[in-house]
1. Taking only C-alpha pairs under 8 Å that are 6+ residues apart, what is the relative contact order of segment A:5-79 in percent?
2. Just list whichever of B:Lys121/B:Lys152; B:Lys99/B:Lys152; A:Lys103/A:Lys183; B:Lys120/B:Lys231; B:Lys77/B:Lys120 have alpha carbons separated by over 26 Å in the model shown.
3. Just to be sure I understand: of the beta bridges DSSP finds with both ends in chain A, what percent are antiparallel, rounded to 5?
4. According to a simple spin-label model (label point 7 Å from Cα along Cα-to-Cβ), what is the distance in nm between A:Glu162 and B:Gln18?
5. Quick check: the distance between the Cα centres of segment A:31-110 and segment A:14-28, to the nearest angstrom?
6. With an 8 Å cut-off on Cα pairs and a minimum separation of 6 or more residues, tell me the relative contact order of segment A:17-170 in percent.
7. Measuring from label point to label point, each 7 Å out along Cα→Cβ, what is the B:Leu243 to B:Ile83 span in nm?
8. Going highest first, how would you order B:20-26, B:180-186, A:40-46 by mean Cβ packing within 10 Å?
Amino acid sequence: MVQSLNRLKESPSQTAGPYVHIGLTPNFCGIPGVFEEDLGARMVNDKTKGERITVRTRVFDGTGTPLKDALIEIWQADSDGLYNSPSELRGQADPNFTGWGRKPTDMVSGECVFETIKPGRAPFKDGRMMAPHISFWIVARGINLGLQTRMYFSDEEAANAEDPVLARIEHRLRVPTLIAEHKGGGVYEFDIHLQGDRETVFFDI
Amino acid sequence: MPADKTPNGNPETGAFFQRDRLWHPPAFTPTYKTSVLRSPQKALLSLDNTISEITGPVFGHDMLGELDNDLIHNFAKPGESAIGERIIVYGRVLDERGKGVPGALLEFWQANAGGRYRHKKEGYIAALDPNFGGCGRTIADEDGNYAFRTIKPGPYPWPNGVNDWRPAHIHFSVFGHGFAQRLITQMYFEGDPLIWLCPIVRTIPDRAAIETLIAALDMQATIPMDARAYKFDIVLRGRRSSLFENRLEGN
Ligand SMILES: [Fe+2]
C-alpha cells in the first residue's frame, strides 16, 4: 500500500435536457418574475470599450438541422486581451465588460445572437500571443457532456496563422471550422456542426 | 466572491486537471436516442488550459433575490406555496482536491410534484401547479456550502423507448472559478428504483460514478414537522498549483 492522494472524482455530467431554459434562461421560456433578467443576457453597456460586434451562431446536428433547444455560453477577453476574472493577474480588465454571455438558440430558427465586442489578444502559456478568440460551451438535449470549442475571426488572418492552438490541429482542412465569417458591419457568422464532413473541432481542454 | 487562493493569498492560476472522460458519459450513447445525431464523432483536440480556460466570471451575492433559493415560494402567489413534499437540498461544492469552491454559482431546475415542467415544449398530461415555476439559484459560501428549499419533483415519462421514465431528479448547473470547470449534471434521490432503469442515467458507464449523483436522505438535517433534507455534494475539476511551473514574464 502507498499513501492515498485523497483526490475526489469530478461529478459526472448529465445532459442539460430539453428544459435547460427553465433553469438558465427562465425569462426567455415564459417563467417571468423569478429572476429580474436572464443571467448573461447583456454583455456590453454604453461604456464598454472596444469594437462592437454581433456573433450569430447556429448548431447543426448530423442531418444538418439546426438545434432549437440548445444553450450556448461564451467567455472572452476584453478589447485589450484581459479577462475580467480574479485569476487574471496581468492587469485590470474593462469593468464595463463581464466577458461572459449566455443565450438559448431560438426555438424557431435555431439562431443564437451575441452582442459583444471584439476581444484583444491574450498570451498562450509560453508567452506567444493567441489570435483573438471567443470560448464556447454548448449544452443541449442529447449532449451528454458540454462541448467546448473556440471561435476565431476570419478578418484576423495574420494572427490566426500564428495562433498556437490552431497550430495544434493536425488535419489542416478542419481549421476553418473554428473561424467565424465576417459578413461586414461587425457581424460574424459561426456555424457549429456536431457531426459530418464539417464537424467542428471540439476541445478536451 | 474570492477565487481559489494560494497560501500567500493570491488567486490561483493553475490549469485544471485533465477531465476523466471515461468517468463522464461518452457523447454517443444510442440507448439515449437523441445523442445519436448530436454526438461529435471525431477525436477531441486535447490541450492544457490557457488563460482563456483558467479564468472565469465572478458572480456576486448581491445579484440574488431573497426567494431565489426557495422554489416553494419564488413563483407562488403571495400567501400560497407550491404543492408537493417539502424538502431541503444542501451540500458542498468541492474541487477534486477536496477544497471548497467559494462563490460557485448553482442554478437548478426541475419538474413539479406531478412530474410536469413549466415549458412550451412539455406535453405530459400531469397538471401544472400554478404556484410552481421550477427554477432557482444560489451562490456557495466561503467554504463551498449551499442550500435551497423546494418540493420533491415527480418522475415523468419521456419519448425515447415506448415506456421510459425519468427518475425524480433536479438539474444542476454549476459555475466554479474557471470556464473549463463548467458543468451540468442531475441529482437523484436515494431509494428511487427508476434510477437504474433510466437510459440517461445509464449513459454514465460506471456504477460508482452514478452513485455520486444520488443524494442521501439526511434525517439530522431534516426540520421536524416541516421539510426532509437531502445532501448533495458536487465536485468540480481540481487545478494544479502553478508554484513550480515556468512562466514567462507578463504571463
Ligand atoms: Fe428533467
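1. Values: 33 pairs, mean separation 15.9, N = 75.
Relative contact order of segment A:5-79: 21 percent.
2. In this structure, B:Lys99/B:Lys152; B:Lys120/B:Lys231 exceed 26 Å between Cα atoms.
3. For chain A, the DSSP antiparallel bridge percentage is about 75.
4. Placing both labels 7 Å along Cα→Cβ, they lie 3.1 nm apart.
5. When both Cα centres are located, 16 Å separates them.
6. On the way: 303 pairs, mean separation 36.7, N = 154.
Relative CO of segment A:17-170 lands at 24 percent.
7. Going by the 7 Å Cα→Cβ label model, 5.8 nm.
8. B:180-186, B:20-26, A:40-46
No lab work stands behind these numbers, since they all come straight from the coordinates. This one's a predicted model, so the numbers in the text were calculated from it and none came from an experiment. Here the Cβ is made from the backbone with ideal geometry for all residues, glycine too, and neighbour counts use every protein chain on show.
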